[in-house]
Every structure is written in structure tokens, then in C-alpha cells.
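This report refers to the structure that appears directly beneath it.
The values are calculated or read from the model by the stated rules, or taken from the named source; none is laboratory data. The shown structure was predicted, so the numbers you read here are calculated from the model rather than taken from an experiment. Here the Cβ positions follow ideal geometry from the backbone for every residue, glycine too, while neighbour counts run over all protein chains shown.
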Amino acid sequence: MPKVRIVIQSRLTSSRLPAKALLPVAGMPAVVLCALRAANTGIETVVATSVDASDDLIAEALSGAGIVCYRGPLDDVLGRFQAATADLEPGSLVVRMTADNLFPDGLLVREMVDFLLAKRLKYLGPNDHRLPYGLSAEVFTVDVLREACRETAQPYDREHVTPWIRAKYGSAVFKTQRLDRDYSGFRCTMDTLEDYLKVVKVFDNVRDPIKASWVDLCAGLAALEDGSAFRLPRRKKGGFEYSELTLGTAQLGMEYGIANRYGKPTVEAAVEIIRRAIGSGLNSIDTARGYGEAELRIYEALKGENKGWIMVITKLDPLEGMERDSPLKSVCAAVDASVYRSCRDLGLRRLPGLLLHRWEHRYAFQG
């Protein structure tokens, strides 16, 4: 059995819910509870925060609780993870968690580690579509972590740790054996004050907040919300569960519609709309290059989350600058540019789906 180390990333400079790592849950700072739950089956656990002065309070809270804290770069979180695992032997396993997600525990980590080892994988993520939104842990070998640190200098990859690893090694499908129902319509992350208050209520209803299993917490979350919130129905197709409604984002990225009297919503309002829709069980989003800032706003709403269960379908640029007799080489270059820009703005290495913006393009430009 290889050595396993859980590394929890945390910082206070969250734009959506500042200082959430220190908000009290079950009588202790959230980051402390997160670490104690991760370690509740005896797996070594450390918290990786930054050297920025704003994170001194995190280090103090962890020290007071006897939890190991490593400090590294603020924005280069990938580099922070590499340094926090520099002493591990090749073949060791690293588990990535975030301090705003208090549901994962040692049982979930052990199940994922066992699955990864049985399948001889190098990376395993939380791609079980039955999990509530935000419940996340990732397991990977320290070798691929070091490979990613060597191979990518992209700011997005460095900030979010695993995009490069997922793109190369993340094809395996993991389904936990512990769930008896679908919790995908619920949220357990702490991105807003509303999220935080909900998480507090869930933990207030358990006898032991450190030892309570992640499955029991999911059940508690469902009991808290069942019947009190609208949930989108789902249907299965091609091995994937789709919400029966799709969120269109034209109005979120530009001043759209003949009856529009209020213009384009703010970034904050657009992000809130997207996140509330996801919180109601939506996992299908429609957008386009021609929708102004829509792709960028979707990225802001999904930033840092594992997007494997959310289907974002975008459309090709309308190609309004192309003439019907434009050289084929120019058309191909414009199409490539549209795809690359969508990947960049959505924060994705590949697009789950791409549509033509106009059906006439099916036959235009020599097809």
C-alpha cells in the first residue's frame, strides 16, 4: 500500500465568501473541521495555505488545533502542492481537497484510493453524477503532480492544480458504492452566505461532526431541503443524466432581446443566476461565442469546480467577418480561433459540445 497524504488547499481571499475558512461550523473554524474530518480514519492530512499575510490567521487556527500547515505561493497552487509533497517517495498518492467543502471524510478518501489502486490509475476525480454539487476529492500519484508542475506554466493550470492532470489522465469513471439515492440536485459547498448557513444547519443536526460519515451528511442535507426547494427533473441519455431544462445565457452576456429594458446584468448577478440554477439540479448550459461575455461569466460561476457533471454547450463564432468566397484556409483559421477562445474563456481544455451558430454554415464555405 503506497503512502497517502491528503492536502487541503485554503486561503482567506475568496471573492465570493471572504474569510470562509475561519467561519465557525460545529464550534470550530471551517478549515479545522475540514482537516479533522479528512483525517478521521488516520490518513495523514496537511493544509496548504499561502505565505500571504492575509493567511496568517489560517496558520494560527491550524496550529492551535495541532494540524500541520504548509505555506507556499498564493496564486501558484500547483507549486504549493508540489512543495507540500516534496518528501513523498515516487508512487505515493496525493489527495486534493478544498477547505470550503466539509462533507468529504476519510471513508470517501479510502474508497477512492482503493478504486484507483484496483484499476491501476494515475488520477481519479469525483465524477459520480449522484454527488451533491461541490462534494469533491481528487486522488493522483505524486508522480503526475510533479509531471504537471514541470509541463504546464498556464496560470489556470497553476491556480486550479489538476486541469492538466485531468486532461491527460482523467478518463476513469468512479461511482461510490455507498449512495442509495441521487443527491445531484443539492449543494454542499460554501460559496455564499446562504450556502454557509445551510452547512451549519446540517452539522448542527449530527452527534459527532468529525466522525459523521459523508453519506449521513448528504442525507441530512436532503432532509433539510426536500420539499422546500424546486428540483429539476432528470433524464438519462447515452450514459449521462441531463436536467430536463437547459440554461440559456445570451441574456447573461449581452444586452439581448427586443423587450430588454434593463441591459446586461452585472457579473455578480449573472454568476448568482448560474449557481442558483445549478443548485436546483441544472447541469446543462447553452452559450455561444456570439453571446458577448457569456462564456467568461460561466467560467466565473464554475471556477475551481470539477465540471465533469456539468454539460456546457457552446456555438461556433457567427463568422460575420467571412465573405462567402473567403479562402478555405482563412475560414479554417477562424474556426480554430473560435474553438480556442471558447476553451480559454470557459476554462476548459476541451469542449463537451460545439454547435454551429447558424445552420447555413453547414453548407457554406465548401461545407
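Looking at segment 99-120, which of its residues are aliphatic (A, V, I, L, M), surrounded by fewer than 19 Cβ atoms within 10 Å (Cβ to Cβ) and more than 30 Å from LEU22 (Cα to Cα)? Within segment 99-120, LEU117, ALA118 meet the criteria.
So, in segment 94-109, exactly how many residues are of a type in the set (Asp, Glu) and either modelled with pLDDT of 95 or more or farther than 17 Å from THR49 by Cα (or both)? Let's see the steps before the verdict.
Restricting attention to segment 94-109, the residues satisfying the condition of being of a type in the set (Asp, Glu) are 100, 105.
Still in the running and either modelled with pLDDT of 95 or more or farther than 17 Å from THR49 by Cα (or both): 105.
Residues meeting the conditions: 1.
When ASP87 is tested against (1) free of Cβ contacts under 8 Å to residues at least 60 places away in the same chain; (2) under 14 Å from TRP164 (Cα atoms); (3) of a type in the set (D, E, K, R), exactly one condition is not met: (2). For segment 313-332: of the residues being of a type in the set (D, E, K, R) and surrounded by 14 or more Cβ atoms within 10 Å (Cβ to Cβ), which is nearest to the chain's Cα centre (by Cα)? By that ranking, first place goes to LYS315. Within segment 54-104, the set of residues being part of a strand (DSSP E or B), of a type in the set (A, V, I, L, M) and closer than 24 Å to ALA212 by Cβ comprises VAL68, VAL95, MET97. Scanning segment 147-171 for residues that are surrounded by fewer than 17 Cβ atoms within 10 Å (Cβ to Cβ), under 17 Å from the mean Cα position of the chain (by Cα) and either aliphatic (A, V, I, L, M) or part of a strand (DSSP E or B) (or both) gives a single hit, ALA167.
A quick yes/no check of all residues on (1) under 15 Å from the mean Cα position of the chain (by Cα); (2) β-branched (Val, Ile, Thr); (3) assigned by TED's automatic domain parsing to the domain that holds ALA48:
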{"residue": "LYS122", "(1), (2), (3)": "no, no, yes"}
{"residue": "TYR183", "(1), (2), (3)": "no, no, yes"}
{"residue": "ASP191", "(1), (2), (3)": "yes, no, yes"}
{"residue": "ASP208", "(1), (2), (3)": "no, no, no"}
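Residues that are modelled with pLDDT under 85 number at least 2 in the following helices (runs of 4 or more DSSP H) confined to segment 258-367: 267-279.
For beta carbons closer than 7 Å, sequence separation of 6+ or different chains, a first residue in segment 244-262 that is at positive phi and a second that is modelled with pLDDT of 90 or more and part of a helix (DSSP H, G or I), the qualifying pairs are GLY257/GLN251. VAL202 meets the stated requirement of being buried (at least 21 other Cβ atoms within 10 Å of the Cβ) and either assigned to a strand (DSSP E or B) or of a type in the set (Val, Ile, Thr) (or both). Residue pairs whose Cβ atoms lie under 6 Å apart, separated by 6 or more positions or on different chains, with the first residue in segment 150-170 and farther than 20 Å from SER10 by Cβ and the second part of a helix (DSSP H, G or I) and among the acidic types (Asp, Glu), are TRP164/ASP157. Right, SER136: hydroxyl-bearing (Ser, Thr, Tyr), under 16 Å from the mean Cα position of the chain (by Cα) and within 18 Å of VAL7 (Cβ to Cβ) or not? For SER136, the condition - hydroxyl-bearing (Ser, Thr, Tyr), under 16 Å from the mean Cα position of the chain (by Cα) and within 18 Å of VAL7 (Cβ to Cβ) - is met.
Among all residues of segment 39-56, there is at least one that is touching a Ser or Thr at 6+ places or on another chain (Cβ under 6 Å), closer than 26 Å to PRO2 by Cα, surrounded by 16 or more Cβ atoms within 10 Å (Cβ to Cβ) and not hydroxyl-bearing (Ser, Thr, Tyr).
Could you list, in sequence order, all residues of segment 224-251 that are at pLDDT 90 or above and under 30 Å from VAL200 (Cβ atoms)? Within segment 224-251, just LEU247 meets the criteria. The set of residues from segment 111-127 being of a type outside the set (A, V, I, L, M, F, W, C) and free of Cβ contacts under 8 Å to residues at least 60 places away in the same chain comprises ASP114, LYS119, ARG120, LYS122, TYR123. Checking the stated criteria, VAL144 turns out not to satisfy the condition of being surrounded by fewer than 24 Cβ atoms within 10 Å (Cβ to Cβ) and in a strand (DSSP E or B).
Can you find a residue in segment 82-93 that is closer than 27 Å to PHE203 by Cβ, at pLDDT 95 or above, surrounded by 23 or more Cβ atoms within 10 Å (Cβ to Cβ) and not small (Gly, Ala, Ser)? Among the residues of segment 82-93, not one is closer than 27 Å to PHE203 by Cβ, at pLDDT 95 or above, surrounded by 23 or more Cβ atoms within 10 Å (Cβ to Cβ) and not small (Gly, Ala, Ser), which makes the answer no.
The residues listed here are ARG275, ARG350, ARG289; of these, the one that is of a type outside the set (Phe, Trp, Tyr), in contact with a helix residue (DSSP H, G or I) (Cβ under 8 Å, 6 or more places away or on another chain), touching a residue at least 60 places away in the same chain (Cβ under 8 Å) and surrounded by fewer than 14 Cβ atoms within 10 Å (Cβ to Cβ) is ARG350.
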